[in-house]
Amino acid sequence: MSLSAFLTDRLGEGAILVTLARVEGSTPREAGVCMAVGHGATAGTIGGGQLEFHCIDIARQMLSEGLRDQSLDIPLGPQMGQCCGGRVRVSLKRVLPADAALIAAREKAQAEMRPAVLVFGAGHTGRALASALAPLPFRICLIDDRDDVLSGLPPAVTCIRMADPVEAVADATAGAAFVILTHSHALDYRLAEAALARGDAAYVGMIGSATKRARFESGFLRSGGRKATLARLTCPIGGCDVDDKRPEVISALTAAELVRCLLGRSHPARRRQVHDEPAA
């Protein structure tokens, strides 16, 4: 459940929004992250551990006593039972209807800013990858040219049936990631060529082997592609250091690649990021 949904559900009984207003040094989470605390449930996290437990206790005390706001200045040392060594300033505020509406608007804006990941191919590995990516702060689209493979995915995954999936490459936003694992090598090659030709993709990955990559590279160069462009292709996806081809393993390794690529400090979406809040 999102923070805004959690808060809206509890406006009658009351809820406290807990925000890390300022952080210094090493801390469990970054400045700006929030969690919501109700009488018997919470949504989101400010990092867990004793800091979070302490803030939940204070928030519920505020609810019981009818207090509206409070600030805490907490060193994360032995007294708190944490060894981070940093310091946090925490804002605790009772949520009003207008606050819940503002948080909902912020969540919508944040969702629209998330990096786009287009997964081509809804076979075993494509579905496993889409499911692995669903809880992460991405906009995920799973594309296939078949009708019978696009059901049963998490709600966070947008599923599209296209007669020619290559058309989706041209329509993608700048800085998108393209993960190619269809049922057809020929289609994989067309998708990879189209994604590389854009020049603005954050990630272009294709499932396969060293042999498949070599064949793609040979055809790409014969058709006029530049050798330097091939350096931007990740193939095989997920790396070569784990010798396990189960779909779930490949999807986990590929998800880790995408997190590093799209949420790393150098990615434009990361540099302009407004902090996303995790769902409870």
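The values are calculated or read from the model by the stated rules, or taken from the named source; none is laboratory data. Remember, it's a predicted structure, so these values are computed and weren't measured experimentally. Ideal geometry is used to build each Cβ from the backbone, glycine not excepted, and the neighbour counts take in all protein chains shown.
The set of residues in segment 66-80 being more than 16 Å from MET35 (Cβ to Cβ) and either surrounded by 15 or more Cβ atoms within 10 Å (Cβ to Cβ) or touching a Phe, Trp or Tyr at 6+ places or on another chain (Cβ under 9 Å) (or both) consists of LEU67, PRO75, LEU76, MET80. Scanning segment 65-111 for residues that are in contact with a strand residue (DSSP E or B) (Cβ under 8 Å, 6 or more places away or on another chain) and of a type in the set (A, V, I, L, M) yields LEU67, LEU72, ILE74, LEU76, MET80, VAL88, VAL90, LEU92, VAL95, ILE103, ALA111. Checked against the criterion of being under 28 Å from GLY264 (Cβ atoms), assigned to a loop (DSSP other than H, G, I, E, B) and without any contact (Cβ under 8 Å) to a residue 40 or more places away in the chain, segment 58-67 contains not a single residue that satisfies it. Candidates in segment 26-65 are the residues that are of a type in the set (Ser, Thr, Tyr) and closer than 18 Å to PHE6 by Cβ; of these, the one that is surrounded by the fewest Cβ atoms within 10 Å (Cβ to Cβ) is THR45. Considering only segment 139-150, I want to know if a residue exists there that is out of contact with any strand residue (DSSP E or B) (no Cβ under 7 Å at 6 or more places or on another chain), at positive phi and of a type outside the set (Lys, Arg). No, there is no match, as no residue in segment 139-150 is out of contact with any strand residue (DSSP E or B) (no Cβ under 7 Å at 6 or more places or on another chain), at positive phi and of a type outside the set (Lys, Arg).
Scanning segment 216-249 for residues that are surrounded by fewer than 10 Cβ atoms within 10 Å (Cβ to Cβ) and within 21 Å of CYS261 (Cα to Cα) gives ALA228, ALA231, CYS240, ASP241. Residues in segment 131-159 that are of a type in the set (Asp, Glu) and either assigned to a loop (DSSP other than H, G, I, E, B) or not assigned by TED's automatic domain parsing to the domain that holds ASP188 (or both): ASP145, ASP147, ASP148. Taking the listed residues ALA168, ALA128, the one that is aliphatic (A, V, I, L, M), outside the structural domain of LEU51 (by TED's automatic domain parsing) and in contact with a helix residue (DSSP H, G or I) (Cβ under 6 Å, 6 or more places away or on another chain) is ALA128, with no other qualifying.
Annotation: of all residues in segment 68-115 being of a type in the set (S, T, N, Q) and outside any strand (DSSP E or B), the one that is nearest to TYR203 (Cα to Cα) is GLN110. Restricting segment 139-153 to residues that are under 19 Å from LEU253 (Cα atoms) and crowded, with 22+ Cβ neighbours inside 10 Å, the residue that is farthest from the chain's Cα centre (by Cα) is LEU142.
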